[in-house]
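So the structure is just underneath, and the comments pick up after that.
The values are calculated or read from the model by the stated rules, or taken from the named source; none is laboratory data. Owing to the predicted nature of the structure, the values given are computational and were not obtained by experimental measurement. Backbone-built Cβ (ideal geometry, glycine too); neighbour counts: all protein chains shown.
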């Protein structure tokens with residue numbers, strides 16, 4: 001697999017999925033080009049250079065894993081697989097992953113250039129204002145924040161957004177008090193100490209994937225990323241903090257996160273993955289950046305939230321988890337699961353074995369569908385990853401008066417734009433979910449009109465034989 005972000009970019013380029021963009025403005029334009037590209041059928045990855053106001057060589061890489069092909073590549077899976085097959089392959093690989101502890105190396109690429117103290121100036125790096133109404137430049141939209149738990153000594157390396165506030169200060173947004181980063185920081189603050197911190201703004205995709213995983217306390221994202229790659233992550237102690245930092249990182253900040261009782265800065269607003277703003281500016285903890293390290297010609301990894309269906313990862317991890325939940329609950333004959341509209345719509349495909357089978361699957365899926373208002377169940381001849389196929393089933397197999405149900409007071413989030421301000425002020429984070437059974441009625445399934453379309457197996461055989469001619 002790829003060694004670092006640069007090798008991953010080379011692999012993407014060999015797939016023909018990379019576009020190079022020159023002279024874009026980091027104020028709104030880089031974010032706008034990123035979103036426009038993600039909405040195209042080919043959805044290419046982008047490498048920005050010659051960025052307005054910055055010397056050539058200070059680059060930004062976006063849409064790294066927004067397609068199923070590049071998501072598979074990041075996971076070490078055949079990028080030529082169809083999306084649903086790639087998700088199945090990831091589910092199988094996920095079951096057998098063996099955590100690999102990182103290894104310490106003597107040399108680190110990120111130490112090619114270092115500045116400290118008064119020489120630190122974060123304005124040297126092109127931190128985009130991704131959306132027009134964002135509260136400022138966010139250098140951390142895909143950055144990992146590295147912390148050491150003061151009790152157990154384990155390393156947390158999760159993704160939190162990072163906003164630039166001048167020459168040597170950034171804020172780190174933990175989302176809520178239950179995140180591991182927030183818990184670790186609070187432990188230091190309760191001891192009257194600032195929290196040692198390192199922020200990596202340009203890591204390889206395995207670390208990026210691991211940073212989004214909900215791992216249990218005590219398990220480091222480094223171990224998970226090493227499991228994905230089948231080799232340990234190489235780390236080097238930060239000169240200032242001693243924290244283990246990925247040796248091949250592009251841009252690294254070292255410093256301390258100050259207690260919120262001493263100082264905060266207004267963070268945000270920031271466009272969310274729903275395509276809306278969820279809140280106004282709010283106080284966030286401040287990091288004093290005491291040292292900056294970077295490679296020659298550094299590459300910032302940018303992963304801004306975008307209007308659905310654009311999403312930071314082209315394979316829906318949560319759909320894989322829902323698929324596993326269905327298996328664990330004893331719901332048999334599930335042949336696929338997928339999520340559309342940035343995980344806000346869940347689709348399950350199954351081979352019906354008994355009356356009520358589809359409803360049972362829908363209820364289990366609904367219970368595990370975070371923020372998803374739409375839960376659809378389709379027959380096994382429908383590809384759940386193909387939204388056109390799903391909507392064909394909805395339009396031809398669902399009788400609304402008989403096959404649509406509503407579940408109330410279900411799992412949502414404070415990011416939900418449809419929850420009223422009054423409800424949010426009272427702490428309400430639930431909504432309703434609609435269950436759509438877009439399946440042939442089991443009671444007369446044998447009498448349902450046969451389809452004229454190719455079966456999924458037939459379609460794949462045709463694609464395999466004639467696909468190159470059709471490109």
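Here are some residues: 337, 365. Which one is assigned to a helix (DSSP H, G or I), in the same structural domain as residue 449 (by TED's automatic domain parsing), at pLDDT 95 or above and touching a strand residue (DSSP E or B) at 6+ places or on another chain (Cβ under 9 Å)?
On the way: 337 fails: assigned to a helix (DSSP H, G or I).
365 is the lone residue from the list that is assigned to a helix (DSSP H, G or I), in the same structural domain as residue 449 (by TED's automatic domain parsing), at pLDDT 95 or above and touching a strand residue (DSSP E or B) at 6+ places or on another chain (Cβ under 9 Å).
Given the criterion within 26 Å of residue 125 (Cα to Cα), buried (at least 20 other Cβ atoms within 10 Å of the Cβ) and touching a residue at least 12 places away in the same chain (Cβ under 8 Å), identify the matching residue among 305, 269. Quick ask: steps written out before the conclusion?
Details: 269 fails: buried (at least 20 other Cβ atoms within 10 Å of the Cβ).
After ruling out the rest, the residue left standing is 305.
For the stretch 246-259, a tally of residues being more than 21 Å from residue 75 (Cα to Cα) and in contact with a strand residue (DSSP E or B) (Cβ under 7 Å, 6 or more places away or on another chain) returns 8.
Going by the structure shown, is residue 142 in the same structural domain as residue 65 (by TED's automatic domain parsing) and either farther than 19 Å from residue 254 by Cα or exposed (fewer than 15 other Cβ atoms within 10 Å of the Cβ) (or both)? The answer is no for residue 142. Checked against the criterion of being out of contact with any strand residue (DSSP E or B) (no Cβ under 8 Å at 6 or more places or on another chain) and not in a loop (DSSP other than H, G, I, E, B), the stretch 98-108 has no qualifying residue.
Go over the candidates 48, 54, 58 one by one and state the one that is surrounded by fewer than 20 Cβ atoms within 10 Å (Cβ to Cβ) and closer than 29 Å to residue 129 by Cβ. Before the answer, list the steps.
Details: 48 fails: surrounded by fewer than 20 Cβ atoms within 10 Å (Cβ to Cβ); 58 fails: surrounded by fewer than 20 Cβ atoms within 10 Å (Cβ to Cβ).
Of 48, 54, 58, the one residue that is surrounded by fewer than 20 Cβ atoms within 10 Å (Cβ to Cβ) and closer than 29 Å to residue 129 by Cβ is 54.
Just to check your reading of the model, which residue among 185, 217 is farther than 20 Å from residue 102 by Cα and outside the structural domain of residue 371 (by TED's automatic domain parsing)? None of the others qualify; the one that does is 185. Of all residues in the stretch 145-157 being assigned to a loop (DSSP other than H, G, I, E, B) and touching a helix residue (DSSP H, G or I) at 6+ places or on another chain (Cβ under 7 Å), which is surrounded by the fewest Cβ atoms within 10 Å (Cβ to Cβ)? Only one residue tops the list, namely 151. All conditions in (1) in the same structural domain as residue 445 (by TED's automatic domain parsing); (2) in contact with a helix residue (DSSP H, G or I) (Cβ under 8 Å, 6 or more places away or on another chain); (3) within 24 Å of residue 8 (Cβ to Cβ) hold for residue 310, with the sole exception of (1). Every condition in (1) in contact (Cβ under 8 Å) with a residue 24 or more places away in the chain; (2) over 26 Å from residue 128 (Cβ atoms) holds for residue 291 except the one numbered (2). Here the condition is being surrounded by fewer than 23 Cβ atoms within 10 Å (Cβ to Cβ) and at pLDDT 95 or above; of 76, 39, it holds for 76 alone.
Restricting to the stretch 190-233, give me the number of residues that are in a helix (DSSP H, G or I) and within 15 Å of residue 179 (Cα to Cα). Before you say what the answer is, go through the steps one by one.
At the first step, the residues of the stretch 190-233 found to be in a helix (DSSP H, G or I) are 190, 205-212, 221-229.
If we keep only those that are within 15 Å of residue 179 (Cα to Cα) too, we end up with 210-212, 221.
Summing the residues that are in a helix (DSSP H, G or I) and within 15 Å of residue 179 (Cα to Cα) in the stretch 190-233 gives 4.
Could you tell me whether residue 37 is touching a residue at least 12 places away in the same chain (Cβ under 8 Å), in contact with a strand residue (DSSP E or B) (Cβ under 7 Å, 6 or more places away or on another chain), under 25 Å from residue 200 (Cβ atoms) and in a helix (DSSP H, G or I)?
Criteria met by residue 37.
Taken as a whole, the condition of being surrounded by fewer than 16 Cβ atoms within 10 Å (Cβ to Cβ) and farther than 21 Å from residue 318 by Cα does not apply to residue 381.
Is it fair to say residue 248 is surrounded by 20 or more Cβ atoms within 10 Å (Cβ to Cβ), in a loop (DSSP other than H, G, I, E, B) and assigned by TED's automatic domain parsing to the domain that holds residue 271?
Details: surrounded by 20 or more Cβ atoms within 10 Å (Cβ to Cβ): yes; in a loop (DSSP other than H, G, I, E, B): yes; assigned by TED's automatic domain parsing to the domain that holds residue 271: yes.
Taking the combined requirement at face value, the residue satisfies it.
Scoring residue 6 on the criteria (1) farther than 16 Å from residue 297 by Cβ; (2) out of contact with any helix residue (DSSP H, G or I) (no Cβ under 8 Å at 6 or more places or on another chain); (3) surrounded by 15 or more Cβ atoms within 10 Å (Cβ to Cβ) leaves a single failure, condition (1).
Cβ-Cβ contacts under 9 Å between residues 6 or more apart (or on different chains), taken from a first residue in the stretch 48-66 that is without any contact (Cβ under 8 Å) to a residue 24 or more places away in the chain to a second residue that is surrounded by fewer than 21 Cβ atoms within 10 Å (Cβ to Cβ) and in a loop (DSSP other than H, G, I, E, B), are listed as 56/50; 56/297.
Restricting to the stretch 446-465, what's the tally of residues that are surrounded by 10 or more Cβ atoms within 10 Å (Cβ to Cβ) and under 39 Å from the mean Cα position of the chain (by Cα)?
Looking only at the stretch 446-465, we keep the residues that are surrounded by 10 or more Cβ atoms within 10 Å (Cβ to Cβ), and these are 448, 451, 453-456, 458-463.
This time we only want the ones that are under 39 Å from the mean Cα position of the chain (by Cα), so: 451, 453-456, 458-463.
Of the residues in that region, 11 qualify.
Taken over the stretch 275-292, residues that are within 19 Å of residue 175 (Cβ to Cβ) and buried (at least 20 other Cβ atoms within 10 Å of the Cβ) amount to 4.
Could you identify the single residue in 30, 51 that is in contact with a helix residue (DSSP H, G or I) (Cβ under 8 Å, 6 or more places away or on another chain) and either outside the structural domain of residue 268 (by TED's automatic domain parsing) or outside any strand (DSSP E or B) (or both)? Break it down stepwise before answering.
Numbers: 30 fails: in contact with a helix residue (DSSP H, G or I) (Cβ under 8 Å, 6 or more places away or on another chain).
Going through 30, 51 in turn, the sole match is 51.
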